[in-house]
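The values are calculated or read from the model by the stated rules, or taken from the named source; none is laboratory data. Computed from a predicted structure; not experimentally measured. Virtual Cβ from ideal backbone geometry, glycine too; neighbours counted across all protein chains shown. Surface areas here come from the heavy atoms of the whole protein model, side chains and all, with no ligands, DNA or RNA. Shrake-Rupley method; radii C 1.70, N 1.55, O 1.52, S 1.80 Å.
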Amino acid sequence: MQTIGAVIQAEFADITDEGEVTRILLRLLMAAVLGAVLGFERESKGKSAGVRTHMLVSMGAALFVLAPGMAGADEQALSRVIQGIVAGIGFLGAGTILKGNGQDTSHVKGLTTAAGLWMTAAIGTAAGMGREATALISTVLALLVLASMPVLVEKVEGEQEEKRREEEGKEEGRKH
């Protein structure tokens, strides 16, 4: 029984004190909250990847860099881990991209969701590495892009449509 107790204690020895517990919780919770913020924005727009997906991607990325960092991995090892995250999230993002079928094969859906998941992984990576302020600033900037760009694009497209109608009206006037 003592052997079992010693093995169990050794298996949980990665958390050495209250400071380690606080660091782990803070980084993973920060990743989860920031992932949730981006996920909520996507879910509120009716997109396929919502709160849970973004939270899991962000926390997963945070854990992928947090654990090796705590184990004493050097910068080269962490660089390889980050490369793996970037490549791996690409496969997840690819699953959200749909190309139209039938007559409209030029329409592609899901690129913004895929890019959002990629950004969420980057934010989680930053949080996991202890760069919480960078993760927070990146989340705010991502939200600004997601909120402002559709409005701007709609405005520009509306102006272009208005110009097109004016040109058509002038063409009609010349014909008569």
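Would you mention how many residues in segment 108-129 are within 15 Å of residue 47 (Cα to Cα), in contact (Cβ under 8 Å) with a residue 12 or more places away in the chain and aliphatic (A, V, I, L, M)?
Final tally of qualifying residues: 4.
Just to be sure I understand the filter: pairs with C-beta atoms under 9 Å, separated by 6 or more residues or on different chains, first member in segment 1-15 and touching a residue at least 12 places away in the same chain (Cβ under 8 Å), second member charged (D, E, K, R) and in a helix (DSSP H, G or I). Which pairs pass?
From residues that are touching a residue at least 12 places away in the same chain (Cβ under 8 Å), the pairs are 14/20.
Go through segment 11-130 and tell me which helices (runs of 4 or more DSSP H), entirely inside it, have 1 or more residues that are open to solvent by 60 Å² or more (accessible area, probe 1.4 Å) and farther than 28 Å from residue 147 by Cβ.
Details: elements: 18-44, 51-70, 75-94, 111-128.
Correct list: 18-44, 51-70, 75-94.
On the basis of being assigned to a helix (DSSP H, G or I) and within 15 Å of residue 33 (Cβ to Cβ), does residue 152 make the cut?
For residue 152, the condition - assigned to a helix (DSSP H, G or I) and within 15 Å of residue 33 (Cβ to Cβ) - is not met.
Kindly provide the set of residues from segment 131-167 that are open to solvent by 90 Å² or more (accessible area, probe 1.4 Å) and either in contact with a Cys (Cβ under 9 Å, 6 or more places away or on another chain) or not hydrophobic (A, V, I, L, M, F, W, C) (or both), ordered by number.
Selection gives 131, 154, 155, 157, 159, 160, 162, 163, 164, 165, 166, 167.
Would you tally the residues in segment 106-139 being of a type in the set (Val, Ile, Thr), modelled with pLDDT of 90 or more and under 12 Å from the mean Cα position of the chain (by Cα)?
Pass one, segment 106-139, residues of a type in the set (Val, Ile, Thr): 108, 112-113, 120, 123, 125, 134, 137, 139.
Checking the rest, the ones that are also modelled with pLDDT of 90 or more come to 120, 123, 125, 134, 137, 139.
Going one step further and asking which of them are under 12 Å from the mean Cα position of the chain (by Cα), we end up with 120, 123, 125, 139.
So the answer is 4.
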